[in-house]
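Report on one structure; see the data block that follows.
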Amino acid sequence: MEEDPLVNCGIAIEYMDAIGSALSTPGEVLSSSTHGTQNLPEKSYFEKQRDALVAEIAVSLEHVLSNINTLNRSLEGAIAVGKEFESVSTLWSTFYDSMAHDNHGDVDEEDLDEERVEAEEGKELM
């Protein structure tokens, strides 16, 4: 199973921050006799900038995910409202068809069928 590179970078950044805070001065290197660890070289400018950019990207992706979830909830709400009007639409369609049939005794069934098909196509788009 492949690991998420952002998680690995985040762990590395936290580890390096912990190491950096343990140092009394920025240029000092830990000795293996006092802390039981190997000497760690100071990070280069490139590595520091890369870590900062990776952290910034991770935060931006979290914001994007949050906004996508908000959009999803809004769309679900709009669809739910549209579905609530389906029964009303059917009622008005039936009323319209009966009024058209009563007012025009010679109305073609084909015309009514075409109107029903158009109404159904409109419902499918919702």
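What follows draws every value from the coordinates through simple rules; no lab data is involved. The shown structure was predicted, so the numbers you read here are calculated from the model rather than taken from an experiment. Virtual Cβ from ideal backbone geometry, glycine too; neighbours counted across all protein chains shown.
Numbers at a glance
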quantity: J(HN,Hα) series, the range 61-77, from Karplus relation 6.51 cos²θ - 1.76 cosθ + 1.60, nearest Hz, glycine and proline x; calculated: 5, 5, 5, 4, 4, 4, 5, 5, 5, 5, 4, 4, 5, 5, 5, 4, x
quantity: Burial ordering of VAL81, VAL54, fewest other beta-carbon atoms within 10 Å first; calculated: VAL81, VAL54
quantity: Spin-label model distance (nm) - LEU40 vs ASP113, 7 Å beyond Cα toward Cβ; calculated: 7.8
quantity: Integer Hz, Karplus 6.51/-1.76/1.60 couplings in order for the range 84-91, x for Gly and Pro; calculated: 5, 8, 5, 5, 5, 4, 5, 4
quantity: Amide H within-cut-off set for LEU40, under 5 Å, with H built and near neighbours excluded; calculated: LEU30
quantity: The range 35-104 shape via C-alpha gyration tensor axes, a/c threshold 1.5; calculated: prolate
